[in-house]
Amino acid sequence: MRVEVRDNNIDQALRVLKKKMQREGVFREMKARSFYEKPSEKRVREKQAAISRARKVARKQQQREGLLPSPKKKVIERGAPAARA
């Protein structure tokens with residue numbers, strides 16, 4: 001993994017590095033490896049992850065076919081901040 005430091009701005013380079021590491025799953029893997037996981041627990045976790053992925057794929061497919069409503073998109077309004085009551 002490589003991060004370029006521009007104008008000696010180390011804080012920005014660290015933020016970019018953290019974001020890249022999080023995207024790659026390094027922090028998740030470090031947490032998982034910090035304690036021993038029994039092989040049976042690992043199988044259960046991986047099986048649950050596979051089921052979750054399959055459900056997600058099926059849900060996306062049903063949304064494409066029109067059987068399920070698509071998720072609502074978030075609307076971000078730009079401009080003056082709204083007054084809070």
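Quick note: the coordinates plus some simple rules give every number you see, no bench work behind them. What you see is a predicted model; the values in this text were computed from it and never measured. Using ideal geometry, Cβ is built from the backbone for each residue, glycine included, and neighbour counts are taken over all protein chains shown.
Below are the figures for this structure:
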quantity: Förster radius 35 Å - calculated FRET efficiency between residue 75 and residue 36, Cβ distance, rounded to 0.05; calculated: 0.15
quantity: Label corresponding to Kirkwood radius over Cα pairs in Å when calculated from the structure given, among (i) 13.1; (ii) 18.1; (iii) 12.5; calculated: (ii)
quantity: Sequence of 76, 51 once ranked by neighbouring C-beta atoms within 10 Å, starting from the fewest; calculated: 76, 51
quantity: Cα centroid of the stretch 34-57 to Cα centroid of the stretch 3-22, whole Å; calculated: 32 Å
quantity: Cβ charges +1 (Lys, Arg) and -1 (Asp, Glu), total dipole of the chain, debye; calculated: 380 debye
quantity: With at most 14 neighbouring Cβ atoms within 10 Å, loop GluC sites (Glu not before Pro) (DSSP) excluded, longest segment of the chain; calculated: 38-76
quantity: Residue-span extension gain [residue 50 to residue 22] - 0.36 nm each, minus C-alpha spacing; calculated: 8.0 nm
quantity: Computed [θ] at 222 nm, helices only, for the chain once each DSSP H run of length n ≥ 4 contributes -39500 (n - 2.57); calculated: -19500 deg cm²/dmol
